[in-house]
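Nothing in this text is a laboratory measurement; each read-out follows from the coordinates by a stated rule. Predicted model, so just to flag it, every value in this text is computed and none were measured. All Cβ positions, glycine included, derive from the backbone under ideal geometry; neighbour counts span all protein chains shown.
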Ligand SMILES: [Mg+2]
C-alpha cells in the first residue's frame, strides 16, 4: 500500500500555451485537426512547468508519497511526456497514466483510475485544474485540490501550506 498523489498535467503542472496557440493557428479550436496539433508528441517539449509545482512535487516525495501523473493527454505522447518530466526533474516520471481512448471523457478516465488506485492505496491529494474533475474526486471522498489553469499562485499557496504543515 502506498500513499499517492494524483497530479494532472495540462494546465496544472504543465503550461501548454505554446502548443495551444500553435493548434489554434492551424485548425478550428475543438476540431479533430486542432486536437491532432495539440497532442502532437513533437510539441510536448514546448510546455513549461507551472512555477512551484516542482517544489510541491518534491515536498510530497520527501514525505514518502508516490506521485502518479493522471492526465487526459494522449498516450501517444507517453515517451515525450516521460522525457519532459525527467528533463524538469519531476519525481516518479515513469508513473504516467495517459488516455488512449479518445472517446472517453476525462472525468470518466480519471475517476476510473482513481477508483482502482483506492483499492490498494491511500490517495492523499488529487490535484487538477478542471472543476468537473475536482468535484468528481471530492464525491469519491478524495481530498482534491483545484488549481486555476497555469496558476503559479495556487501552487505557491500549496507549497506554503506544505511547508507550514497546514497540509
Ligand atoms: Mg488539466
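Quick one: if you stick a label point 7 Å off each Cα along the C-beta vector at residue 143 and residue 108, how many nm between them?
3.1 nm
Each label point is 7 Å from the Cα along the Cα-to-Cβ direction; what then is the distance between the points at residue 89 and residue 132, in nm?
3.7 nm
I need the semi-axes of the equivalent ellipsoid of the chain: take the C-alpha gyration tensor, multiply each eigenvalue by 5, square-root it, list largest first in whole angstrom. Display every interim value, and only then the final one.
Values: eigenvalues 127, 65, 44 Å².
Listed largest to smallest, the semi-axes of the chain are 25, 18, 15 Å.
Note down the nm distance, to one decimal, between modelled labels 7 Å out along Cα→Cβ at residue 31 and at residue 55.
Spacing of the two 7 Å Cα→Cβ label points: 4.2 nm.
Have a look at region 98-138 and give its Rg and Dmax from the Cα atoms, expressed in angstrom.
Rg, Dmax (Cα atoms, Å): 10.5, 29.
Within a 10 angstrom radius of the beta carbon, how do 95, 110 rank from fewest other beta carbons to most? Kindly include the intermediate steps, with their values, before the conclusion.
On the way: 95 17, 110 25.
Going from sparsest to densest Cβ surroundings: 95, 110.
Neighbour counts of other C-beta atoms within 10 Å: give me 74, 2, 31 arranged from fewest to most. Write out the running numbers ahead of the final one.
Details: 74 18, 2 14, 31 11.
With the fewest neighbours first, 74, 2, 31 line up as 31, 2, 74.
For the chain, take the longest principal axis of its alpha carbons; what is the angle in degrees between that and the long axis of helix 53-62, to the nearest 10 within 0 to 90?
40 degrees
Note down, for region 69-167, the three equivalent ellipsoid semi-axes (square root of 5 times each alpha carbon gyration tensor eigenvalue), biggest first, whole angstrom. Could you put the intermediate results ahead of the total?
Working: eigenvalues 94, 70, 37 Å².
Each semi-axis is √(5λ); the values are 22, 19, 14 Å.
For residue 21 and residue 122, what does the FRET efficiency come to when R0 = 41 Å and r is the distance between their Cβ atoms, rounded to the nearest 0.05? Present the calculation step by step, with values, prior to reporting the outcome.
Working: r = 39 Å, r/R0 = 0.95.
About 0.55, to the nearest 0.05.
Note down the Stokes-Einstein diffusion coefficient of region 34-111 in µm²/s, whole number, using a Kirkwood radius over alpha carbon pairs, 10 °C, and 1.306 mPa s.
Details: Rh = 13.4 Å.
Answer from the Stokes-Einstein relation: 118 µm²/s.
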